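K.L.:
Once you've had a glance at the structure underneath, I'll fire off some questions.
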Amino acid sequence: MSDVIDRNGFRANVGVVLLHDGRVFFARRTGGRGWQFPQGGVRAGESLEEAVFRELGEEIGVDAAAVELLGQTSRWLRYRLPARYVRRNQHPVCIGQKQRWFLLRLRDGRVAFDFERTSDPEFDQWRWVSYWEPVKEVIYFKRRVYARALAELAPLAFPGGAQPPLPVWWERVTTQAGREASASAD
């Protein structure tokens, strides 16, 4: 099965925010190429939820029974790839990703993460971080999507208005990310 790329060049993708005790799972891409949430393409004929649980198993070795699905973003969130990341020799050409983000709660914190379920592991390290921290640490062109996804999912992650306050760096980082993303798309 192949990934789904729409007529505008955006690859359909699911992102996973994995929550445990108010913190989120954050993983380092193999070889130290930055930190991000688990995410991956939706295959032709696959539902979004099927893609979430497949990616969760492939990328971090966690089965669906180990998590509780709390919710998802209400619509696709998009980012464009900077020109240097666009693979012009592939068809159809993918110029960015459109993502639906899913919030999952880990049922038991003693789960063993396994990055070796595929021959080409996506990640080589992981850590639990504060809820908003990934916005600051992810590669610049994904920051706006991370900010929007986490903001929309926060009421589900922290019911009753108990969500953590935005960090002091929030406005600076999210505003800068918007400028960088706009410049990189040109």
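Readers should treat all values here as calculations from the given coordinates under stated rules, not as data from a laboratory. Keep in mind that this is a model prediction, so the values were computed, not measured. Note that each Cβ is placed from the backbone with ideal geometry, even for glycine, and that neighbours are counted across all protein chains shown.
K.L.:
If you count the DSSP beta bridges with both ends in segment 10-185, what percent of them are antiparallel, to the nearest 5? Intermediate values should be presented prior to the final figure.
P.N.:
On the way: 23 of 33 bridges.
The antiparallel fraction comes to roughly 70 percent.
K.L.:
Hey, another quick one. Can you give the helix-only mean residue ellipticity at 222 nm for the chain, where every DSSP H stretch with n ≥ 4 adds -39500 (n - 2.57) and the sum goes over all residues, rounded to the nearest 500 deg cm²/dmol?
P.N.:
On the way: 4 runs with 49 residues, N = 186.
Here the helix-only value at 222 nm equals -8000 deg cm²/dmol.
K.L.:
Also, I was wondering about something else. Go through segment 51-64 residue by residue and turn each phi into a ³J(HN,Hα) via Karplus (6.51, -1.76, 1.60, θ = phi - 60°); whole Hz please, and just put x for glycine and proline.
P.N.:
Those phi angles translate into 5, 4, 6, 5, 4, 4, x, 5, 7, 10, x, 10, 8, 4 Hz.
K.L.:
When only DSSP loop residues count, what chymotrypsin sites (Phe, Trp or Tyr not before Pro) in segment 21-111 have their Cβ near at most 16 other Cβ atoms within 10 Å?
P.N.:
Working: sites: Phe25, Phe26, Trp35, Phe53, Trp76, Tyr79, Tyr85, Trp101, Phe102; in loops: Trp76.
Hits after loop and neighbour filter: Trp76.
K.L.:
Can you tell me the convex hull volume per residue for segment 5-81, based on C-alpha atoms, in Å³ to the nearest whole number? Could the numbers behind the result be given before it?
P.N.:
Numbers: hull volume 9.7 nm³, N = 77.
Residue-normalised Cα hull volume stands at 126 Å³.
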